[in-house]
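The values are calculated or read from the model by the stated rules, or taken from the named source; none is laboratory data. Model, not experiment: these values are computed from the prediction. When we count neighbours, we look across all protein chains shown, and the Cβ atoms used for this are built from the backbone with ideal geometry, even at glycine. Accessible surface areas use protein heavy atoms only, side chains included; no ligands, DNA or RNA. Shrake-Rupley method; radii C 1.70, N 1.55, O 1.52, S 1.80 Å.
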Amino acid sequence: SFTTHCEIRTYHRMCGMQFMLLFSRQGKLRLQKWYVPLSDKEKKKITRELVQTVLARKPKMCSFLEWRDLKIVYKRYASLYFCCAIEDQDNELITLEIIHRYVELLDKYFGSVCELDIIFNFEKAYFILDEFLLGGEAQETSKKNVLKAIEQADLLQEVSHVKNCE
Amino acid sequence: MPAPIRLRELIRTIRTARTQAEEREMIQKECAAIRSSFREEDNTYRCRNVAKLLYMHMLGYPAHFGQLECLKLIASQKFTDKRIGYLGAMLLLDERQDVHLLMTNCIKNDLNHSTQYVQGLALCTLGCMGSSEMCRDLAGEVEKLLKTSNSYLRKKAALCAVHVIRKVPELMEMFLPATKNLLSEKNHGVLHTSVVLLTEMCERSPDMLAHFRKNEKLVPQLVRILKNLIMSGYSPEHDVSGISDPFLQVRILRLLRILGKSDDDSSEAMNDILAQVATNTETSKNVGNAILYETVLTIMDIKSESGLRVLAINILGRFLLNNDKNIRYVALTSLLKTVQTDHNAVQRHRSTIVDCLKDLDVSIKRRAMELSFALVNGNNIRGMMKELLYFLDSCDPEFKADCASGVFLAAEKYAPSKRWHIDTIMRVLTTAGSYVRDDSVPNLIQLITNSVEMHAYTVQRLYKALLDDISQQPLVQVASWCIGEYGDLLVSGQCEEEEPIQVTEDEVLDVLEGLLVSNLSTPVTRGYSLTAIMKLSTRFSSVNRIKKVVSIYGSSIDVELQQRAVEYNALFKKYDHMRPALLERMPIMEKTATNGPTEIVQTNGETEPSVVEPKHPPPVTQPANQANDLLDLLGGNDVVPVIQTTLPTKPASAGGELLDLLGDLSLSGIPPMIAYNKNGLKIDFTFERANPNPNIAVITIHASNTTEADMTDFVFQAAVPKTFQLQLLSPSSNVVPALNQGTVTQVIRVLNPQKQQLRMRIKLTYTHKGSPVQDLAEVNNFPPQSWQ
């Protein structure tokens, strides 16, 4: 079997988000969403190196950087870094808006979201992300509709009698 | 057995751990409990346990023993179970393991579930991580859902279809019928995802692209939707800072770009809306600028009329003045892409670009530097060089090598006078001398040799520089060489350009001997100075002193130096009659350069420099006005033969340039080979061994094109078997010009420690006559010398 010089390019993508990572200022991972197939080992390596690179950035620097052969878009909200990898053809500025929209959704859902909410309710953070993005692309551009879907799904959970994952 | 602890409880507990060891202990304890619980096939708490496992997995601990449990959760009828089960599958399962295929049946059932939220979970999981096999099995279900009237499901199915197509491109056609009326939906979610789906199909298949252009009349539909978004009043549901659904606007603009590229009719049909978006979009916030950015990219890529293009470049120019550094960054990136095709328009923003050299952000500085070099021409060379040399003085070390190379190249092309050229070189050598590339030294030596009337001035300036600083090796090497050649001019005080200095032969020899003994000098530098001293034996009268120095170094521990000294000694003793002829002035060196490999031809015996006709016409990839600059130089007063190196858009492409200047086709004695030859694209491989590591083979690819249209967006990718390691350096350009008018070169370094037979799989992508082309090929015919 063959290995390529950059493992992320194992299949041909022309656009779309490759992955999104949320991590704290100490480099602790709070969420990892991967839209490309990679082994656990590869994911760990990428996470470790990228987190280091982003944390080393100075506040005056811009939100975009080239890392390996990817474009990285990141933004810090309070104590959390939101970091996405996008393809060469993708629009960096709209990716910032995607990140911002996700933060707004979390904020609406948790009511003034903070890092602790994401730590203690990480599965909810994933559910919300999965109602907003699918396969790395936005599936719904209305804030209201995303939140409504989450609300309905949460209700379904209640109806299932057993709250056995809290 | 007590109930397993709750998730939030566990999280709280783990967070109280004060050390890594303490945390590990807690985790191990909990994992053990979870494992027993799994073994007992406990349905009630499976969900809770898997959730905890996912938390621990995020902390970095192994959780593979939970994979099958995720599958059981997915198969459960409880929504809570499914939610966590699918999440677990997406986090813990991966398509390389066969176990993921067990999901397929569950997903199939859930795609047909009565509850849309369950269907949604299945679509999401499939669209995020479905393997090719799963996609093949379930494509039919996805296609069905793409036709449903339920917009919640339809939008998800569209993105799921995108994933299916990415994994199994041959299934694309089956989704075509379902795309029929996707764009007549009112629901923005469906519209957005439909545009993404259509984009994927058009980018992947030229036939699809043609179909959507002509048969489906996609462009007018998209124009209509975009127009509605802009003209419609405030829509609270989709509003972002006064703009209606920017996400949708950006995706539509992107699809328009693909439809309009190389197509006159489509481009014309979108002209008005592009102008409208470009002029009416609010620019005070990032969201508006995101739309403008996408608009600019579209305008530049389609066949837009010149007024629209100028509008686009001006938007970029305004971006450059924006306080937001992100906006400046994208502006510079875009300008870099358009500088070749819209050179004059970009020139108007030159001073703003040059100001960006002073930006604090490293990426912005780099782009500003690259763009600045691309904008240098015969008219602005003096001003631009001033700015770039100032930048060279103060920039970070990571830039110095590229900047120095860029300065040299620009100076070679556009130097207004010999004197200016030499001064510029001097400036680079003295301020960034330790960062210039090794190949600069022979290049500069050749330049100096060929600037006959500047010899006295050059050697004087270099001598003075040596008196100040002997630590920068490239400077010292060039200086030594010059003193060796023109030392007689130095002591005779012949300089016309500036006040000649008074220096004696002994003083000159002191300096050169000083280099020989200094700790700062590398062995290569020592070699240069010994040879220089030897050459002076035919130019100076103090031959005895020189004889003494040479004989001392006959017993040097440096073998190279020793050998030279011994040979020079022999020259004095046995071949003295030949010495003057051997050490006489170097003749003019001719250099003809194109995009490909070069020969340095020495014309021995010629004492007069002559105007040499260039052997090859300037490559077509250069914009017309740059080619004209070269032709102007030909007709000008300079007697130096025209050196036609083309400036790649990145001044730094190490390796490619190195081989261009120094290499000829069989530098290392390893024969070149043809790696690929199909559809007019030919790729040759040439080889050399990298010093000092014999396990590294350095391969240069030379891509050429016999068809009558350029191959643009050319990307070469390579993969090698696991025992090898591969490094691909930057290509010389990404356009392979038509009719063999130039080549794209790129360097590959292959590490082969096990000396196994070299095999390679290559992938080529490019655009030819408006259509994307992709090909895979195996390269197996490597000559044995390249890997043995």
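Here are the numbers for this structure:
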{"quantity": "Share of carbon and sulfur in the accessible heavy-atom surface of the range A:17-164 [1.4 Å probe, %]", "calculated": "51"}
{"quantity": "Spacing of the two label points (7 Å from each Cα toward its C-beta) at B:T148 and B:N695, in nm", "calculated": "5.6"}
{"quantity": "Dipole-positive endmost among A:F19, A:F120, A:Y35 within the range A:17-164 (Cβ charges, Cα centre)", "calculated": "A:F120"}
{"quantity": "Positive-end residue of B:P474, B:Y575, B:A161, charge dipole of the protein assembly as shown with Cβ unit charges", "calculated": "B:A161"}
{"quantity": "Amide H partners (placed H, <5 Å) of A:Y77, local residues excluded", "calculated": "A:F82"}
{"quantity": "Note, ³J(HN,Hα) from phi for the range B:763-775, Karplus 6.51, -1.76, 1.60, rounded to Hz, x at Gly and Pro", "calculated": "10, 10, 10, 7, 10, 9, 6, x, 10, x, 10, 9, 8"}
{"quantity": "Kirkwood hydrodynamic radius of the range B:184-267, from inverse mean 1/r over distinct Cα pairs, in Å", "calculated": "13.3"}
{"quantity": "At R0 = 22 Å, FRET efficiency that the Cβ-Cβ distance of B:V773 and B:E708 yields, to 0.05", "calculated": "0.90"}
{"quantity": "Globularity index of the protein assembly as shown, i.e. its alpha-carbon radius of gyration over 2.2 N^0.38 Å", "calculated": "1.10"}
{"quantity": "Fraction of accessible area attributable to carbon and sulfur, the range B:178-319 (%, probe 1.4 Å)", "calculated": "47"}
{"quantity": "Debye log10 I(q)/I(0) at q = 0.07, 0.09 Å⁻¹ for chain B, Cα point scatterers", "calculated": "-0.73, -1.05"}
{"quantity": "Prolate/oblate/rounded label for the range A:17-164 (Cα gyration tensor, a/c 1.5)", "calculated": "prolate"}
{"quantity": "Charge dipole (debye, nearest 20) of the range A:17-164; +1 at Cβ of Lys and Arg, -1 at Cβ of Asp and Glu", "calculated": "720"}
{"quantity": "Additional length obtainable on full extension of the chain from B:E497 to B:D98, 0.36 nm per residue less Cα span", "calculated": "135.8 nm"}
{"quantity": "Pairwise FRET efficiency - B:L59 versus B:Q221, Cβ, R0 = 45 Å, nearest 0.05", "calculated": "0.40"}
{"quantity": "Residue-normalised accessible area of the protein assembly as shown, given per residue in Å² at a 1.4 Å probe", "calculated": "41"}
{"quantity": "Long-range amide H partners of A:L31 with built H, under 5 Å", "calculated": "A:L22"}
{"quantity": "R0 of 35 Å, Cβ-Cβ distance B:Q725-B:D558: FRET efficiency to nearest 0.05", "calculated": "0.55"}
{"quantity": "Prolate/oblate/rounded call for the range B:222-369, Cα gyration tensor, a/c under 1.5 rounded", "calculated": "oblate"}
{"quantity": "B:H113, B:H702, reordered so the largest accessible area comes first (probe 1.4 Å)", "calculated": "B:H113, B:H702"}
{"quantity": "In nm, spacing of pseudo-spin labels at B:N280 and B:L360 (7 Å Cα→C-beta vector)", "calculated": "3.9"}
{"quantity": "Cα gyration tensor, the range B:695-749 - rounded (a/c under 1.5), prolate or oblate", "calculated": "prolate"}
{"quantity": "Area hidden from solvent between B and A (accessible, protein heavy atoms only, 1.4 Å, total, Å²)", "calculated": "7800"}
{"quantity": "For B:M208, net neighbour charge (Lys/Arg +1, Asp/Glu -1) across residues whose Cβ lies under 13 Å away", "calculated": "-3"}
{"quantity": "List of the range B:274-290 residues, accessible area with partners at least 30 Å² below that of the chain alone (1.4 Å probe)", "calculated": "B:N286, B:A290"}
